[in-house]
Amino acid sequence: MPYNAPADAEARRAVEPVICYPTETLPIPELELYARARKNAQKVDEVIAAPREAACIAIPAGHFFRISCPTGPQVGDLNLWNADDLSERFYSGKTRALHGTHLTTGEQMWSSFPHLRPIATITEDTLGWYGMDRFGGSVHDVIGTRCDPYTGNLLQGSQYHHCCHSNLTRALADLLDISLSEAEPHVHDVLNVFMCTGFTRDTGQYFMKASPVRQGDYLELFAEINLIAALSACPGGDCSSQHSSDTAQCHPLLIEVFAPAQGALAEWSSPQKNGYSQSHGR
């Protein structure tokens, strides 16, 4: 049943917020070192995620990887795993709690418990100019999960097989030569690369809008550990209208890997796993 607002309702609403996780003590990424190392880095690998498909690529620690739109506006769903231990993977929820709803240059992608360490650092973002628009939308979100066939079936009774969840599942299964049922539990919440999203002010619902990404735009990251990356070229294209269907115009996405010159990262070391004892009070 509905309840009437109390007499002090406005005073309760006016209470100032408190940041849950102040980040002043976080290690600061060495962006200047990374920039120097990137100058003479050489391209060593690439993979293309075809429209409504996903692709995987291995990225050694200390290498850079660039995600770009080679032909037209397209958003992508990115999963990252520790290449040596798939149980360590990107943790979008904790990344969101530390950095906010959308990521850009200088912010990091953090891994799952009990590891909790930065596994990739954003070093360049050609959409960094976008900021936050008047609708509360911004780019590269860690608030959406990934389009998936289960939600489609729940809401529309559909059996669509090219949602990002399914694309990522197939790509990982093919890379590791395992079954779909073995691969699927490893697929996790994503960094929505290039996707422009936010929450509506009135209902708090997750929304998407046409991505500002254009041909040639890119997001570049530095691999802090040995990684496997899986990227899905979302069936929503630029997400201007809908996803989880074959309606939208879609384009490929490109991942390129760059190796710094020998000795360029002599001052750098891969982050250690989290130092918590895991005793949990016992």
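Per-residue ellipticity at 222 nm from helix content only, as computed over the chain with -39500 (n - 2.57) for each DSSP H run of at least four residues, stands at -4500 deg cm²/dmol.
Atom-type composition of the exposed protein surface of region 163-282 places 47 percent of the accessible area on carbon and sulfur (1.4 angstrom probe). Placing a label point 7 Å from the Cα of Leu155 along the Cα-to-Cβ direction, the residues of region 222-244 with a backbone N closer than 11 Å are 242-244. Using a probe of 1.4 Å, the accessible surface attributed to Phe65 totals some 0 Å² when neighbouring protein chains are kept in position. Accessible surface area normalised per residue over the chain is 51 Å², counting heavy atoms of protein chains with a 1.4 Å rolling probe.
What relative contact order, as a whole-number percentage, does the chain give when Cα pairs under 8 Å and 6 or more residues apart are counted? Could you put the intermediate results ahead of the total?
Details: 640 pairs, mean separation 98.0, N = 282.
It comes to 35 percent, rounded to a whole number.
Taking the Cα centre of region 150-249 as origin and assigning +1 to Lys and Arg Cβ atoms and -1 to Asp and Glu Cβ atoms, the resulting dipole is close to 380 debye. Cross-link partners of Lys209 among aspartates and glutamates, defined as those whose alpha carbon lies under 18 angstrom from its own and excluding same-chain residues fewer than eight positions apart: Asp77, Asp133, Asp141, Asp217, Asp238, Asp246.
For Cα extents along the principal axes in Å, computed directly from the structure shown, the correct entry in (i) 62, 49, 32; (ii) 55, 38, 30; (iii) 68, 46, 44 is (iii).
A simple spin-label model places the labels of Thr145 and Gln249 3.1 nm from each other, with each point 7 Å out along Cα-to-Cβ. For Arg170, Arg36, Arg13, the ranking by accessible surface with the largest value first comes to Arg13, Arg36, Arg170, using a 1.4 Å probe.
Peptide packing for 185-198, 148-161, 37-50 was compared via the average number of neighbouring C-beta atoms within 10 Å per residue; ordered from the highest value, the list is 185-198, 37-50, 148-161.
Relative protection proxy for 82-92, 213-223, from highest mean packing down: 213-223, 82-92 (other beta-carbon atoms within 10 angstrom). Each Lys and Arg contributes +1 and each Asp and Glu -1, all at the Cβ; summed about the Cα centre of region 1-104, the dipole is approximately 280 debye.
First select every other residue whose beta carbon is under 13 angstrom from the beta carbon of Arg52; then total the charges, Lys and Arg +1, Asp and Glu -1.
-2
Under 12 Å of direct C-alpha separation, and excluding same-chain neighbours fewer than eight residues apart, Lys94 reaches these aspartates and glutamates: Asp189. For the chain, build the charge dipole from Cβ charges (+1 Lys, Arg; -1 Asp, Glu) around the Cα centre, then report which of Ala7, Thr145, Tyr160 sits farthest towards its positive end. So the residue furthest toward the plus end is Ala7.
Rounded to the nearest 20 debye, the dipole size of the chain about its Cα centre is 320 debye, using +1 on the Cβ of Lys and Arg and -1 on the Cβ of Asp and Glu.
The values are calculated or read from the model by the stated rules, or taken from the named source; none is laboratory data. Computed from a prediction, not measured in an experiment: that's the story for all the values here. Positions of Cβ are generated from backbone atoms using ideal geometry, with glycine treated the same way; all protein chains shown enter the neighbour counts. Accessible surface is based on the protein model in full, side chains and every heavy atom, while ligands, DNA and RNA are left aside. Shrake-Rupley method; radii C 1.70, N 1.55, O 1.52, S 1.80 Å.
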